[in-house]
1. Tell me: how much accessible area in total is hidden between A and B, 1.4 Å probe, Å², nearest 100?
2. In the Gaussian network model of chain B, springs joining C-alpha atoms below 10 Å, which of B:Ala165, B:Ala60, B:Ala148 carries the largest mean-square fluctuation?
3. In segment A:114-138, whose amide N lies under 19 Å from the spot 7 Å out along Cα-to-Cβ of A:Arg47? List them in ranges.
4. Please identify, among B:Leu99, B:Leu48, B:Leu205, the residue showing maximal mean-square fluctuation in a Gaussian network model of chain B using a 10 angstrom Cα cutoff.
5. Need one word for chain A: rounded, prolate or oblate. Basis is the Cα gyration tensor (sqrt eigenvalues a ≥ b ≥ c); a/c below 1.5 gives rounded, then a/b vs b/c decides.
6. Would the protein assembly as shown count as rounded, prolate or oblate if I go by the C-alpha gyration tensor, calling it rounded below 1.5 in a/c and otherwise prolate when a/b exceeds b/c, oblate otherwise?
7. Over segment B:25-175, what percent of the accessible surface lies on carbon and sulfur atoms, probe 1.4 Å?
8. Looking at the square roots a ≥ b ≥ c of the eigenvalues of the Cα gyration tensor of segment B:39-147, which shape do they give, rounded for a/c under 1.5, prolate if a/b is larger than b/c, or oblate?
2 protein chains.
Amino acid sequence: MTCMTPPRQRSVRRADALSTDRIVEAAIEILDAEGERGLTFRALAARLSTGAGAIYHHVASKEELLTEATTGVIERVLADVPDSATPEEGARAITLIALGMFDAIDEHPWVGAHLPVVPWQPGMVRLFESIGGRLDSLGVPESAQFNAASALLNYILGVAAQNAANARTRVAGAGREEFMAETADRWEQLSPASYPFLHRVARQLRHHDDREQFLAGVDLVLAGLAAGQDG
Amino acid sequence: MTCMTPPRQRSVRRADALSTDRIVEAAIEILDAEGERGLTFRALAARLSTGAGAIYHHVASKEELLTEATTGVIERVLADVPDSATPEEGARAITLIALGMFDAIDEHPWVGAHLPVVPWQPGMVRLFESIGGRLDSLGVPESAQFNAASALLNYILGVAAQNAANARTRVAGAGREEFMAETADRWEQLSPASYPFLHRVARQLRHHDDREQFLAGVDLVLAGLAAGQDG
DNA sequence: ACCTGAACACCGTTCAAGT
DNA sequence: ACCTGAACACCGTTCAAGT
């Protein structure tokens with residue numbers, strides 16, 4: 001086979017040249033594999049076969065690095081959500097966004113930890129627009145849309161942060177099942193006089209499904225929105 | 001005046017002896033004054049006129065220190081909430097808990113940042129019981145109480161984390177008004193084609209009240225609960 | 001038993017020196 | 001212009017040595 005392209009000189013090899021994209025990509029890989037604590041500039045530099053200082057030519061700080069990684073994950077979630085015209089489609093789209101975020105954070109727990117930390121970061125803004133933009137089709141009056149979108153977003157953030165925390169303790173210690181069983185045991189041993197509620201729902205904690213419970217919360221807010229329209 | 005008590009010997013003075021309570025108290029003072037970044041074992045030791053290592057005789061780690069400070073703040077909030085029997089009293093109690101948490105986090109932003117970080121920490125457990133324990137009087141069926149309490153708790157956590165983040169950027173940079181105005185400006189300049197929702201609600205962002213918006217979210221979940229009962 | 005504070009094993013970030 | 005990697009200014013935590 002004749003060689004149509006001139007042979008690359010090893011010394012001018014740019015395949016592994018540094019770039020923001022490659023840095024963020026490597027950061028995501030480390031975050032997924034080792035967790036937030038594993039992402040250090042030294043580890044990142046080692047993986048990219050360079051010095052720690054080189055990274056600062058493309059990324060201003062560790063916070064910016066985390067923000068960019070977070071934005072990337074959220075963009076991917078929102079890309080899949082279809083348009084909506086009818087109330088049914090609107091409710092479905094919002095559920096899809098919420099579930100997409102839930103699954104993304106299950107896969108990348110550090111997103112759940114970082115999203116609430118930097119206010120109005122790009123990913124958050126896109127998420128807010130995505131949710132708010134479906135409320136019209138849901139029939140929510142304009143004057144109520146700001147509060148409604150904010151309530152949905154805050155609920156998602158709360159679950160996100162919580163799930164990220166669960167994932168972190170899981171890495172450090174026992175698996176999910178064990179952790180849930182231990183917590184349920186502790187609740188059952190609480191005095192029914194001082195902790196009637198926890199004592200009662202301990203059984204539910206042991207067998208509940210995080211994803212189902214998450215959806216129930218979204219439905220609760222959506223039901224509140226629907227009730228407000230004819231109230 | 002005759003001296004009824006023997007004069008204390010300076011060398012046996014125990015008024016400033018170290019104790020977990022004094023350490024947590026000092027930690028809260030530093031956290032409120034300097035923020036999370038200001039709380040270091042060196043700064044804490046300096047304030048308590050001791051060595052950094054001494055603190056480890058009373059507190060196992062920085063995380064435990066933050067957890068104990070957080071628990072203290074939450075206990076104080078929950079102490080003020082009255083019992084409830086009627087649905088109206090139940091709704092009022094839940095609103096009081098939520099508002100109490102909102103104000104406490106406004107005063108101690110680090111609580112909002114730490115509460116979602118350690119899963120099922122004591123403060124969280126107390127909060128969950130407090131909310132769940134009012135759902136009976138609200139008329140929520142037992143089978144729905146676990147999910148309902150969890151939705152309310154997660155919403156509160158989301159707002160808490162968000163407010164803590166806002167407070168942090170406020171300390172670093174501009175005040176709340178300026179930050180809101182800047183964000184609103186940015187939203188108004190977004191293309192109405194790509195960001196119809198944000199473009200539209202930018203005006204509301206500039207004039208909205210965080211506390212009112214927080215309450216609107218709680219009311220939304222409560223409305224959803226009420227709607228579910230006859231649905 | 002409790003305290004002291006130097007020491008250890010790290011961090012994020014900077015910056016002179018190289019190419 | 002970009003990279004290198006030693007150096008700086010910190011951390012949380014440990015631990016021999018003191019009282």
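The values are calculated or read from the model by the stated rules, or taken from the named source; none is laboratory data. The structure presented is a predicted model; accordingly, all values stated were derived computationally and were not measured. Reconstructed Cβ throughout: ideal geometry from the backbone, glycine too, with neighbour counts over all protein chains shown. Areas reflect the complete protein model, heavy atoms only, side chains present, ligands, DNA and RNA absent. Shrake-Rupley method; radii C 1.70, N 1.55, O 1.52, S 1.80 Å.
1. Working: alone 14000 and 14000 Å², together 23380 Å².
Between A and B, the summed buried area is about 4600 Å².
2. Result: B:Ala60 has the largest fluctuation of those listed.
3. Backbone N within reach: A:114-115.
4. B:Leu205
5. On the way: a/c = 2.68, a/b = 1.47, b/c = 1.82.
It comes out oblate by the Cα gyration axes.
6. Working: a/c = 1.73, a/b = 1.12, b/c = 1.55.
It comes out oblate by the Cα gyration axes.
7. Answer for segment B:25-175 is 52 percent, counting heavy atoms of protein chains only.
8. Numbers: a/c = 3.45, a/b = 2.57, b/c = 1.34.
Prolate.
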